[in-house]
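All remarks here apply to the structure that follows.
Coordinate-derived values only; no laboratory data. From a predicted model like this one, the values you see are computed outputs, not experimental measurements. Cβ sites come from the backbone with ideal geometry, for glycine too, and all protein chains shown count toward neighbours.
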Amino acid sequence: MPGPDSSTTAPVGADRAATAPCREVVEGGRISHAIARVARAHRVTAAHLLRPFGMYRGQDALMTRLWEAGPQRQSELNKLLGLDPSTVSRMVQRLEHAGFVRRRSDPDDSRALLVEATPTDEALIRDVEQARQDLERRALAGFTDIERSVLARVLAHVERNLTVD
């Protein structure tokens, strides 16, 4: 005798909402709300992981850029980070106050400012990288390599759809 047709019968004890068609998930902006919730949880966790090093969320990306590429014009950091100039300015001010960066005139253009990392203990660079790896590990815990790959493609697609040229 053949078993029940799994396409029409929910598993014993299964919640009907959990087995409902995906149509319910996409209606009413649920995906957009889920993206917003995930982004918020990601930001909160990143902030928590960076706090012990005296850094705020987002500052790790700016510092990593400076550590990898050397001094940058603040206007270039705005573009590279995809942030509003006032946001980057506040970020640089906080990092400067904490002693992580300094600003100086660009020798090629005295109207421009260069932002550079101060001499940094290698431990800080390792700590920031470890925090980023911990964040990724937490975010993707339980995902298979295939699921990680699919998620990366899906998120890139969503980003392309939302990027205003």
*So what's Rg/Rh here for the stretch 18-134, counting alpha carbon atoms and using the Kirkwood radius for Rh?*
1.13
*Starting from the amide H of Arg73, placed 1.01 Å from N in the peptide plane, find each other amide H under 5 Å away whose residue is 5 or more places distant or on another chain.*
Val115
*If you add up the charges near Glu116, with Lys and Arg at +1 and Asp and Glu at -1, over every other residue whose beta carbon is less than 13 angstrom from its beta carbon, what do you get?*
+1
*Grab the Cα-Cα distance for Arg104 and Glu136, subtract it from 0.36 nm times how many residues apart they are, and report the gain in nm with one decimal.*
8.1 nm
*Taking the stretch 18-134 and dividing mean pair separation by its residue count, relative contact order in percent (alpha carbons under 8 Å, at least six apart)*: 24
*Given H placed on each backbone N at 1.01 Å, which residues far from Ala112 in sequence or on other chains put an amide H within less than 5 Å of it?*
Asp106
